[in-house]
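Encoded as structure tokens, the structure appears first; notes follow it.
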Amino acid sequence: LPPVVGERTSFKYYWTLKNSLHEIKDLKIELALPQYVIWDNNFNISAGNLEYDQSNNKVIFSISRWPVGVETVDVNFSVSVIPTDSQYNKIIILSSGSSLSAIDAETNTTISKTTSVKTSKLEDGIIASYNNDGRVK
């Protein structure tokens with residue numbers, strides 16, 4: 001870090017999902033990636049299914065049934081960028097945020113959550129932010 005024009009930099013996403021109340025059905029998380037973000041096909045999941053939709057440059061995670069008793073599901077995957085000259089000295093967007101939808105099986109209500117934009121500044125990465133202002137060098 002920081003990303004450098006013409007050089008590949010990898011970033012890792014970590015999702016930790018927690019549930020201890022009711023069974024969840026039809027959970028789906030979608031994360032659209034900008035066209036310049038590359039799917040590395042390097043991932044780990046503790047449950048469910050992770051897919052990459054190449055035509056839309058989108059990561060899709062799903063669980064058809066999440067029973068009570070399985071309190072945590074962990075998902076992580078890697079993406080990369082190779083910044084261009086036009087991105088020099090700019091903070092680049094890694095994703096516009098993710099969206100989650102699911103159904104609470106007991107109440108039959110829809111659960112919806114979204115996350116914010118993620119950038120090369122790595123706002124969520126406490127250690128990474130010490131020596132990284134996010135601007136492409």
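Could you give the size of the charge dipole of the chain about its Cα centre, using +1 on the Cβ of each K and R and -1 on the Cβ of each D and E, expressed in debye and rounded to the nearest 20?
My answer is approximately 340 debye.
Roll a 1.4 Å probe over the protein chains and send me the accessible area per residue for the chain in Å². Walk me through the numbers before you get to the answer.
On the way: 8030 Å² over 137 residues.
That works out to 59 Å² per residue.
For the pair SER112 and TYR14, the difference between a 0.36 nm per residue extended length and the Cα-Cα distance amounts to 33.4 nm. For the chain, the carbon plus sulfur part of the accessible surface works out to 49%, probe radius 1.4 Å.
Between ALA105 and ASN76, the modelled label-to-label distance comes to 2.8 nm, taking each label 7 Å out from Cα in the direction of the beta carbon. Model label points for GLU7 and THR119, set 7 angstrom from Cα along the Cα-to-Cβ axis, are 2.2 nm apart.
When we measure straight from the Cα of LYS113, which lysines land under 19 angstrom away, once same-chain ones fewer than 8 places off are left out? Filter leaves LYS18, LYS25, LYS28, LYS58. I'd like the distance separating the alpha-carbon centroids of region 86-126 and region 51-73, in whole Å. Distance between centres, Cα-based: 14 Å. Spin-label model, ARG65 to ASN89: label points 7 Å out along the Cα-to-beta-carbon direction sit 5.8 nm apart.
Using only the heavy atoms of the protein chains and a 1.4 Å probe, how would ASP53, ASP26, ASP74 rank by accessible area, largest first?
Details: ASP53 45, ASP26 90, ASP74 70 Å².
So, going from the largest accessible area down, we get ASP26, ASP74, ASP53.
All Cα-Cα separations within region 1-73 were binned at 5 Å from zero, giving a P(r) of 3, 12, 23, 20, 15, 11, 8, 4, 2, 1, each value a whole percent of the pairs. In the chain, the inverse of the mean reciprocal separation of distinct Cα atoms equals 16.1 Å; this is its Kirkwood hydrodynamic radius.
Sparsely packed loop sites in region 1-31 (the GluC sites (Glu not before Pro) outside DSSP H, G, I, E and B with at most 15 other Cβ atoms within 10 Å) comprise GLU7, GLU23.
The values are calculated or read from the model by the stated rules, or taken from the named source; none is laboratory data. Here the structure is a predicted model, which is why all the values come from computation and not from measurement. Cβ sites come from the backbone with ideal geometry, for glycine too, and all protein chains shown count toward neighbours. Quick note on the areas: whole protein, heavy atoms, side chains included, nothing else; ligands and nucleic acids left out. Shrake-Rupley method; radii C 1.70, N 1.55, O 1.52, S 1.80 Å.
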